[in-house]
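Bear in mind that the values in this text are calculations on the coordinates, not laboratory data. This structure is a prediction, so every number in the text was calculated from the model and none was measured. Don't worry about glycine lacking a Cβ; one is built from the backbone with ideal geometry, like all the others, and counts go over all protein chains shown.
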Amino acid sequence: MSEAKKHEFQAEIRQLLDIVIHSIYTDKEVFIRELISNAADACEKLRFRQSAGKDAIHEPDVEPTITVQLDEEANSISVVDTGIGMSEADLVENLGTIAHSGTKAFLKQLAEQKEENNSLIGQFGVGFYSAFMAGDRVTVETRAAEADAKGLKWESEGAGGYTIEEAGDLPRGTKITVHLTEETKEFAKEFRVESVIKRYSNFVQFPITLGEKEVNTVQAIWARSKSEIKDEEYKEFYQFVSHDYDEPMFKLHYSADAPLAIQALLFVPKRNMEQMGLNKTESDVSLYCRRILIEQQAKGLLPDWLRFLKGVVDSEDIPLSISRERMQDSALMEKLKQVVTKRFLKFLSEQADKHTDKFNEFYNEFHRFLKEGVLSDFANQDAIAKLLRYDSSFTEKDAKCSLEEYVSRMKDGQEEIYFLMSYNRETAESAPYYEVFKAKGYEVLFLYDPADEFVMDRLAEFDGKKLVSCEKADQKLEEQDEKEGLPAEKSEALAKWMKEVYGENVKDVKVSERLVDSPVVLLDEDQQMTATMRQIMQSMGQKGSIPPMPMNMEINPRHAVIVRLDSLREEDGELAGKIAEQLHDNARIMAGLMEDPRAMVTRLNELLEKVLAVKS
Ligand code: ADP
Ligand code: MG
């Protein structure tokens with residue numbers, strides 16, 4: 001090959017170049033990030049090949065580095081690396097067809113949405129082709145790492161195609177030169193380029209030299225000793241990995257030798273992005289082996305419910321030769337996942353003990369992830385359950401009580417843990433379901449998040465104690481003084497009469513042994529879902545999907561209304577019937593089962609009229 005060979009770009013690339021060249025995208029500076037990221041990839045590939053030690057490498061003593069060269073006179077910027085380089089086949093394959101997954105995603109999005117493409121460029125990063133945002137001509141001079149490789153020159157002015165020719169004896173690696181335009185000549189200026197590198201490429205694991213100095217001075221912070229690292233450096237690193245402008249809420253930096261050699265630096269952001277209405281976040285924890293990146297945003301490194309974490313896990317025990325595809329389902333990855341997850345859970349429980357206020361802040365923001373963990377991560381379910389916090393009838397409002405605390409306070413003879421689903425503390429405390437527990441002095445956890453019912457259901461027990469909903473719990477008050485209310489026989493007869501009044505609308509009417517202040521309550525141990533849950537689901541827009549089922553009613557023979565109702569049914573059967581209906585509706589309201597109260601209000605007005613007639 002003595003003269004330049006002409007090549008056409010793949011159709012998609014032509015389309016892409018057309019967009020890139022004509023875009024008025026303002027953050028053109030991202031092209032520097034893309035070229036440096038490719039240079040770092042090339043350096044990593046070289047290191048990888050070196051460590052595998054299989055074949056001879058050209059210039060084996062030259063370290064992998066990145067140099068950015070600026071030429072204000074020629075109006076150009078070059079990114080030079082001493083990495084793996086490219087053969088002729090590589091050039092055609094990598095720079096002539098679409099390789100970059102982000103680029104594919106970009107084109108797909110474009111085709112689907114026909115959206116203003118300017119913002120999308122920055123969002124996806126169009127890889128190598130972003131060079132054409134800044135330059136009208138791009139030159140790639142490269143020499144592959146193999147000892148017998150040749151120097152090659154690739155050049156293109158955009159959509160028209162590219163040429164490849166021999167370029168004599170080049171040093172190992174790649175030099176990419178972007179010939180800037182009048183509008184983008186700022187990228188030939190050192191101060192401008194330096195700020196761009198610092199912004200995007202500060203933690204690239206290979207030294208980046210610009211002019212005389214190394215620009216990225218902070219490297220692989222996680223591999224350094226904790227005592228040497230300043231808070232400011234942690235913060236900078238956090239901001240780099242998370243793209244957050246804030247400080248992290250928590251930081252866990254640790255190293256361990258067994259059962260796996262791990263250096264990890266994990267952060268919890270201050271805000272839960274999913275709660276802020278954004279889509280499901282992707283895990284932002286990268287996997288390294290001896291500071292060499294194996295996978296960015298490594299899938300399968302952590303369980304899905306820990307996707308709010310940001311940072312780095314570096315393990316020497318992950319063999320470098322492992323391919324990304326194989327890595328995902330290897331037993332080693334599974335082990336790494338378990339080890340890191342357990343360590344993070346331990347960290348959270350330490351925080352809960354030592355920095356309770358801060359932990360509670362974390363809990364407020366991220367509790368849904370913990371609950372997701374209980375539901376999805378069986379191996380860690382018990383450890384996560386210890387981190388759950390609830391309002392409790394025994395604590396100040398919102399004091400956040402743990403299940404362990406609850407168990408430590410359980411009364412002699414109490415065998416179960418009781419909870420009540422509700423909207424808030426006030427509703428919980430006035431719920432008829434709560435009365436018997438209050439009277440007996442049993443602590444009740446008040447749960448306000450619909451997810452909690454599923455969590456309790458899944459856990460089923462904690463520390464060997466059953467978790468039981470107050471709405472389902474079978475509870476009796478201690479011996480009652482019959483003199484205060486209706487005698488047993490009369491109560492039974494009244495219950496029977498009431499069942500006749502209700503017909504199919506109520507499953508059965510029984511005399512209650514648990515009510516204190518309420519005249520009636522609706523209960524059902526066979527219901528799939530507690531009434532409160534049903535109500536919450538309905539309020540979340542699931543109306544109609546859960547047919548209301550007839551429930552059991554319990555009546556309180558000690559309540560004045562019930563006592564009076566019993567005598568009224570002899571005196572005025574019709575009025576007594578109306579009052580019984582009203583009691584049913586009242587109980588449905590308390591259970592959150594009243595869908596349309598209008599019919600009830602009509603009856604209530606009638607009853608009011610009667611009361612007023614008596615009084616006047
Ligand atoms: P990506 O980096 O996601 O693969 P790019 O469009 O940025 O996509 O780059 C395309 C391909 O070109 C890379 O995968 C790589 O094979 C090759 N390449 C780009 N720059 C270099 C470089 N400096 N040295 C070696 N190969 C490179
Ligand atoms: Mg790239």
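Only Lys, Arg, Asp and Glu count, each charged at its Cβ (+1, +1, -1, -1), so figure out the dipole size of segment 5-214 about its Cα centre, rounded to 20 debye.
The dipole magnitude comes to about 480 debye.
Please state the charge dipole magnitude for segment 388-469, taken about the Cα centre, from unit charges on C-beta atoms (+1 on K and R, -1 on D and E), reported in debye and rounded to the nearest 20.
120 debye
Set Lys and Arg Cβ to +1 and Asp and Glu Cβ to -1, take the dipole of the chain about its Cα centre, and tell me which of LEU252, PRO597, ILE555 lies farthest positive.
ILE555
Give the relative contact order (percent, whole number) for the chain; include only Cα pairs under 8 Å separated by 6+ residues.
For the chain, the relative contact order is 8 percent.
Figure the gain on full extension for ALA493 and LYS440 (residue separation times 0.36 nm, minus the Cα-Cα span) and round it to one decimal in nm.
Contour length minus Cα-Cα distance gives 16.3 nm.
Name the chymotrypsin sites (Phe, Trp or Tyr not before Pro) in segment 149-251 that are in a loop by DSSP and that have at most 10 other C-beta atoms within 10 Å, would you?
TYR245
Once you have the Kirkwood Rh of segment 5-214 from its Cα pairs, apply Stokes-Einstein at 20 °C and 1.002 mPa s and quote D in µm²/s.
After rounding, the answer is 123 µm²/s.
Once you place label points 7 Å from the Cα toward the Cβ at ARG409 and LYS189, how far apart are they in nm?
Those two pseudo-labels are separated by 6.5 nm.
Set Lys and Arg Cβ to +1 and Asp and Glu Cβ to -1, take the dipole of the chain about its Cα centre, and tell me which of ALA460, HIS243, PHE48 lies farthest positive.
Final value for the positive-end residue is ALA460.
I need the calculated FRET efficiency for the pair GLN10 and THR181, taking r as the beta carbon distance and R₀ as 35 Å, to the nearest 0.05.
That gives a FRET efficiency of 0.90.
Given 0.36 nm per residue, what is the gain on full extension from LYS213 to ILE589 after removing their alpha carbon distance, in nm?
Difference between extended and current length: 128.0 nm.
What per residue convex hull volume, in Å³, comes out for the chain when only alpha-carbon positions are used?
For the chain, the hull spanned by Cα atoms encloses 212 Å³ per residue.
Tell me, how many Å apart are the Cα centres for segment 249-274 and for segment 544-616?
58 Å
Give, in nm to one decimal, the length gained when the segment between ASP27 and LYS476 is fully stretched (0.36 nm per residue of separation minus the Cα-Cα distance).
Answer, rounded to one decimal: 154.6 nm.
Take the alpha carbon atoms of segment 82-96, find their center, do the same for segment 384-452, and report the distance between the two centers in whole angstrom.
Taking the Cα centre of each part, segment 82-96 and segment 384-452 sit 64 Å apart.
Return the long-range amide H neighbours of ARG224 (sequence gap of 5 or more, or a different chain), with a cut-off of under 5 Å between placed amide H atoms.
Those lying under 5 Å, H to H, from ARG224: there are none.
Putting +1 on Lys and Arg Cβ atoms and -1 on Asp and Glu Cβ atoms, find which of ALA431, HIS7, ILE98 reaches farthest to the positive end of the dipole of the chain.
ALA431
Treat every Asp and Glu Cβ in the chain as -1 and every Lys and Arg Cβ as +1, leave all other atoms uncharged, and give the resulting dipole magnitude about the Cα centre to the nearest 20 debye.
320 debye
Could you give the nm distance between label points at THR602 and HIS243, where each point is 7 Å from its Cα heading toward the beta carbon?
Each label point lies 7 Å from its Cα, and together they span 5.8 nm.
Do any of LYS213/LYS251; LYS213/LYS310; LYS371/LYS440; LYS354/LYS397 go past 28 Å between their Cα atoms, and which?
LYS213/LYS251; LYS213/LYS310; LYS371/LYS440
Where in segment 125-143 does the amide nitrogen come within less than 16 Å of the point 7 Å from the Cα of GLN69, taken along Cα to Cβ?
Answer for segment 125-143: 138-143.
Tell me the label-point distance for the pair LYS510, ARG271, using the 7 Å Cα-to-Cβ offset, in nm and rounded to one decimal.
5.1 nm
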